[in-house]
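The values are calculated or read from the model by the stated rules, or taken from the named source; none is laboratory data. Given the structure is predicted, the values throughout are model-derived calculations rather than measurements. Here the Cβ positions follow ideal geometry from the backbone for every residue, glycine too, while neighbour counts run over all protein chains shown.
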Amino acid sequence: MSLRAFHLLFIALSVILTVFFAVWAGAQYQSAGGAGFALAVVLSLACGVALTVYGTAFQRKTRRL
Amino acid sequence: MEIPYIVETRADTGLNNVKLGIWLFLASEVMLFGALFSTYIILRVGAPEWPRGELSVIFGAANTIILISSSVTMVMAWASLKMHAWGKHRFYLLVTVGLALFFLVNKFFEYAEHVGKHEIPSYNTFFAIYYTLTGLHGLHIVGGIVVMLYFLGPGAKLAKKNPDQFTNRIEATGLYWHFVDLVWIFLFPVLYLL
């Protein structure tokens, strides 16, 4: 496996982690409340979207490497 | 006699020496961390009660962001070399080293907080496995820093002598670095969230 392919796999797993973290923070918010957990949900999902956009762009731009 | 397959790939495996070597090494690393993750599961399942919320999620999340960012800069360092942008390669590699050091500083403060509360490995089973897993991971981060500093320093001479071989070595470093980051991607939810 090349570094390019491993990087894409890593980014995909990172996106899954951001979704998992958002779900975890959402559950904490429901049980304990707190603006911090609500903020964590939003930030985590934003990171997930950013990583997805980055991953797609990386795949497209490095196709010839 | 020259050693074959330093740069070109072997027809039967489709790999050159450095890629075969790094993947064999990473396979042994998977077994090492796999054994420790299995230990964690066995300890946790067998324990009558397991401490939760002992670790600072903020520290863990910050280190996760740092390591994901470092994987991006690492791959940029390799891609820059492929595009013959030497200055960019060195910049991205230096940033990767900086992020790795930032991770270690963050980890130091996290350890210091726990040690200050006497939460050392002998405190309970959770902290024993926590220090073992994160300590071993931290040693791998240090190893990565040493390798990257070598390629920023004396190892950079190879880039003039044999640019393709140097690029392959940076790719192998990147594969190692991604593996170390991947271990953290599993460590963070297992230790900090679940």
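Applying a threshold of 8 Å to beta carbon distances and a minimum spacing of six or more residues, or different chains, the list of pairs starting in region B:110-138 at a residue that is assigned to a helix (DSSP H, G or I) and ending at one that is of a type in the set (Asp, Glu) and modelled with pLDDT of 95 or more reads B:127/B:119. None of B:21, B:60 is surrounded by 12 or more Cβ atoms within 10 Å (Cβ to Cβ), of a type outside the set (Lys, Arg) and within 12 Å of chain A (Cβ to nearest Cβ) except B:60.
Restricting attention to region B:25-54, which residues are more than 21 Å from the chain's Cα centre (by Cα) and either within 14 Å of chain A (Cβ to nearest Cβ) or touching a residue at least 60 places away in the same chain (Cβ under 8 Å) (or both)? B:43, B:47, B:50, B:51, B:52, B:53, B:54, listed by residue number. The condition of being in a helix (DSSP H, G or I), more than 24 Å from residue B:155 (Cβ to Cβ) and not aromatic (Phe, Trp, Tyr) holds for only one of B:19, B:107, that being B:107. Test residue B:175 against the criterion of being facing chain A (nearest Cβ under 10 Å) and surrounded by 19 or more Cβ atoms within 10 Å (Cβ to Cβ), and give yes or no. Yes.
All of A:36, A:26 fail the test of being surrounded by fewer than 18 Cβ atoms within 10 Å (Cβ to Cβ), touching a helix residue (DSSP H, G or I) at 6+ places or on another chain (Cβ under 9 Å) and at the interface with chain B (Cβ under 10 Å from one of its Cβ atoms), apart from A:36.
For the residues B:88, B:82, B:19, the requirement of being under 19 Å from residue B:145 (Cα atoms) and basic (Lys, Arg) singles out B:88.
Comparison of A:65, A:17, A:9 shows that the only residue that is under 21 Å from residue B:173 (Cβ atoms), within 10 Å of chain B (Cβ to nearest Cβ) and free of Cβ contacts under 8 Å to residues at least 24 places away in the same chain is A:9. The single residue among B:143, B:174 that is closer than 11 Å to residue B:71 by Cβ, under 14 Å from the mean Cα position of the chain (by Cα) and modelled with pLDDT of 95 or more turns out to be B:174.
Looking across A:44, A:2, A:31, one residue alone is among the small types (Gly, Ala, Ser) and within 8 Å of chain B (Cβ to nearest Cβ). It is A:2. For region B:85-96, indicate whether the set of residues that are in a loop (DSSP other than H, G, I, E, B), small (Gly, Ala, Ser) and within 14 Å of chain A (Cβ to nearest Cβ) is non-empty. The answer is yes, given that some residue of region B:85-96 is in a loop (DSSP other than H, G, I, E, B), small (Gly, Ala, Ser) and within 14 Å of chain A (Cβ to nearest Cβ). Restricting attention to region B:77-96 and to residues that are buried (at least 21 other Cβ atoms within 10 Å of the Cβ) and in contact with a Leu (Cβ under 9 Å, 6 or more places away or on another chain), the residue that is nearest to residue A:61 (Cα to Cα) turns out to be B:79.
Only one of the numbered conditions (1) more than 19 Å from residue B:172 (Cβ to Cβ); (2) surrounded by 17 or more Cβ atoms within 10 Å (Cβ to Cβ); (3) under 21 Å from the mean Cα position of the chain (by Cα) is violated by residue B:119, and that is (3).
No other residue among B:39, B:9 is modelled with pLDDT of 95 or more, farther than 25 Å from residue A:48 by Cβ, in contact with a helix residue (DSSP H, G or I) (Cβ under 9 Å, 6 or more places away or on another chain) and of a type in the set (Val, Ile, Thr) apart from B:39.
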